[in-house]
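Step one of this worksheet: look at the structure below.
Where a number appears in this text, it was derived from the coordinates with a stated rule and is not lab data. Owing to the predicted nature of the structure, the values given are computational and were not obtained by experimental measurement. Don't worry about glycine lacking a Cβ; one is built from the backbone with ideal geometry, like all the others, and counts go over all protein chains shown.
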Amino acid sequence: MWAAAGAVGLGFLVALEIAARHYGVPGPITTQAREVVFAPRSAPLLYGSMALMMVVLTWRQRFIAAGAAIAIDVVFFLVRWAVGAEQMPGNGPLLVVLAHVVIALTRRTGRDRVLLLKGVGLALLLVAGRKTGYTWLMITSKTRPTVLDQYVATADHALGNPSWVVGRIVEATGSVGAHVLDWVYIQLAVAAIVVAVYQLRNVAADRRFPGHHLVRTFLVIGLLGPGIYMIYPVVGPIFAYGADGGHWAVANLWPHTPPALTTPQPMPFDEVTPRNCMPSLHTAWATAIFIHSRKGPLALRLLGVFWLLTTLGATLGFGYHYGADIIAGVVFTLTIEAALRALDRGWDRRGVLLVGYGTVVFAALLASYRYLPVEMAGLPWLYGPLLILATGSVVYGYVRTTRHWDRQPTAVRVPEQRREPQPEPV
């Protein structure tokens, strides 16, 4: 399975690299290769990815790896300072992760080699995911000349235009609130790594990964979600109805004046702004962090609550998403999470029903935003509660099903032990 996933991932990266070159920009492979030497874009992500890899190492090996990463970054800092180049740490952990590929292939054998390669693979997948995301967002802006913001904004009247409401609240908090939300929004992957490292803390001792953990959900969300961007291109209220949209915006309305109720239609937009709103993947990822933090200690559970609430505040308060995107993101995550858990423990009737129901609700949400926005806006007292009820029903189904699964845990699959030959009886 790991080999197949690696082959598919490599093929996807190559395809994105070719597509990016077609549009005259470097692709994910090129940009990641540059960060081996040049200043990276995100030091916390690279150090977090190294921490994810280190779950397969002993404590002694972890200290050596961390020390090597810091020492390499110090050397890069001094060289860049001497030549006046841009400063940003992060080359050290990336080089340490790559070095462990060589160590796995040359110094490890058998299960130890496989385990180390799995750890390196998780780290590199997380790093590559950020790069592929940038490239994919660029492709959405180039290939989808029109957006459907007017449809979503009209349907959002049924929910009370939450982006406009939260946008005014964030504006009232001033620079402090905006800076906190911005940091949380940008460092979402770091929170995911914290939760994932806790879940995988026993990998080195057990010599195996658990069947299901946060990284799997994170990667599947990132793999499937962008495909929906191409089907349902939306740029968000700050662009479609705000100053950031320039002359492409309907009007400069966000966040003080909700849009008027008119017949929506597709609207042309620039070739720069990503069409990355439907569904809200930041909400989806924050929901996954919340779910996977529930079985941790109190500090981890509080982290999950904090990141979910602040991510919702940022996505709505900065005008990146509509309320309809948020609802779709929650249903999207719960459906994927249920499918992955069912896949790990073996599909049963409850799992099939939950995944099927979540898929139907998600598709119904997208269809209603596209084909019933005027009706939804005209009857907010009916469609608003229906949207909340539909989302709540998926949440309720997920909670009930997972509680049933937790009461009946899957038997642990223990690898076969090699038996020593027994002497023949005399």
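Working note: 222 nm ellipticity from helices only, DSSP H runs with n ≥ 4, each -39,500 (n - 2.57), summed and divided by the residues of the chain, gives -23000 deg cm²/dmol to the nearest 500. Of the trypsin sites (Lys or Arg not before Pro) found in region 282-362, those in coil by DSSP whose Cβ has at most 14 other Cβ atoms within 10 Å are ARG294, LYS295. Once C-alpha pairs closer than 8 Å and six or more residues apart are averaged by separation and normalised to the residue number of region 1-143, the relative contact order reads 33 percent.
Taking a cut-off of 25 Å, what percent of all Cα-Cα pairs in region 111-266 are separated by more than that? It works out to 50 percent of all Cα pairs. Each eigenvalue of the Cα gyration tensor of region 1-143, multiplied by 5 and square-rooted, gives one semi-axis; in descending order these are 26, 23, 11 Å.
Summing +1 for each Lys or Arg and -1 for each Asp or Glu among the other residues whose beta-carbon sits under 12 angstrom from that of ALA43 gives -1. Electrostatic tally near VAL305: other residues with Cβ closer than 15 Å to its Cβ, Lys and Arg +1, Asp and Glu -1, net +3. In the chain, Cα pairs under 8 Å separated by at least six residues give a relative contact order of 18 percent.
Compared with the dominant Cα axis of the chain, that is its longest principal axis, helix 43-53 is turned about 50°.
To the nearest 10 degrees, how steeply does helix 2-22 sit against the main Cα axis of the chain, on a 0 to 90 scale? Helix 2-22 and the main axis of the chain meet at about 50 degrees. Cβ-to-Cβ counts within 10 Å put LEU116, LEU105, LEU298 in ascending order as LEU298, LEU105, LEU116, the fewest first.
The ARG201 and VAL165 beta-carbon pair, evaluated with R₀ = 56 Å, returns a calculated FRET efficiency of approximately 0.90. Taken over the chain, the convex hull of the Cα atoms encloses 181 Å³ per residue. Taking the longest Cα principal axis of the chain as reference, the axis of helix 162-186 is set at about 20 degrees.
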